[in-house]
Structure formats: structure tokens, C-alpha cells
1. THR57 to ILE166: extension gain in nm, 0.36 nm per residue of separation minus the Cα-Cα distance?
2. Taking 0.36 nm per residue of sequence separation and subtracting the Cα-Cα distance, how much length would be gained by fully extending the chain between PHE126 and VAL110, in nm to one decimal?
3. Grab the beta carbon distance between LEU48 and TYR68, set R0 = 25 Å, and tell me the FRET efficiency rounded to 0.05.
4. Give the long-range amide H neighbours of ALA170: residues separated by 5 or more places, or on another chain, with amide H under 5 Å away, using H modelled in the peptide plane at 1.01 Å from N.
5. What is the sum of charges around LYS38, taking Lys and Arg as +1, Asp and Glu as -1, for the other residues whose C-beta is under 14 Å from the C-beta of LYS38?
6. Taking neighbour Cβ counts within 10 Å as the exposure measure, how do PHE30, PHE171 sort from fewest upward?
Amino acid sequence: MPFDKRKERSDIIDASMDVHDYASPAVNEFDLCVQDLKKNVKDVDSRLKDQERLTSTWGMRISDLERYSRRWNLRLFGVPKTFKEDIRSKVIRICSETYPKAKNKYPDVVDTVHQLGRRAAKKSQFLKDNNLRFAEDLTALDRERRKSLWPKVREARAAGKTAYHIGVRAFIEGAEITS
């Protein structure tokens, strides 16, 4: 190898070492910054996961509280809406026709209607004749959950199995099902 070529290569190596010596502190500083950012991202990620768990817990708690506040509510479907009608009296009359044994109690408890039970309402000829039905007053979240379970219940019933809802829960052959 001629001397000029060796000298040229030596100059290139020396120049690259100078660049390396100059860039090394900057690269080290950059590496420290990246490590610090990684640590910060891990910390933020951990806190975010904690907040997501809390949010989920609070959401379930709010749903439970709303469900609890509705425990005495009862929905009556099929009553036509009419203008300037005393709806309280109408509900008292419907309840009295459905379950006459408690007829004298309805005026006192109509604002906190107690569920009569499915059997009494199912057997009521008055409800059948007037195309009325009682149902639980479910929260929006509970209605969505029940709606998501309904296809499984319907399919099980079509297959001749015993399937039903209790509140937001669904059962097939006595075993609770989940979405």
C-alpha cells in the first residue's frame, strides 16, 4: 500500500476519533435523557392503570347505588298517555285490579310501589285484558347488560331449556350465564 493511501486512511481514522470524542458526551447526555423519559413513561403508565381501575370501580359503585335507589321502583308498561289525567289514581286502580287483597294500601304506597311478584301479575286477567305489564325499573347499564344476554336466553328457550332473567342476571337451567 502506498504511503499516501496509508496517510489518508490514518487522517480519516483520526478525524473520526475526534468526532467520536466530541460527540460522545452529547450521545451520553442524550442516552440519559432517553432513560429518564422511559422512567417517566413507566410511571405515567402505572398511574394511568391505577386510575383506570379506580374509574372502573367507581362506575360499578355508581351503578350499584343507582340500582339500590331504584329498588322500590316499579314500571308499568302499556298505559296509554292521556292529557290531564290523574295518573296516580289510574296506577292505584290498576294495582287494585291486579292484586285486590292490598286494595286499601295502594293510596299510601303508590309513590314507593312494592313489587307484587311475577305470579300475581302473570295471573291477573285485568293486566292481560288491558295489555299491561309490570317490570323492574332497571338502570341504563343494567338494561344494556340484560339486552346483551337476551339472545342466549332466547336461544336456550327455543331449545326447550329453562331460561330466565332475575334483575340483570340471566340463568339457563339454573346456571348463571355471562356475556
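Where a number appears in this text, it was derived from the coordinates with a stated rule and is not lab data. A quick note: this is a predicted structure, and the numbers were derived from the prediction, not measured. Positions of Cβ are generated from backbone atoms using ideal geometry, with glycine treated the same way; all protein chains shown enter the neighbour counts.
1. The span from THR57 to ILE166 would gain 36.9 nm if fully extended.
2. 3.9 nm is the gain from fully extending PHE126 to VAL110.
3. Computed FRET efficiency for LEU48 and TYR68: 0.25.
4. Correct list: ILE177.
5. Computed value for this residue: -2.
6. Listing PHE30, PHE171 from fewest to most nearby Cβ atoms yields PHE30, PHE171.
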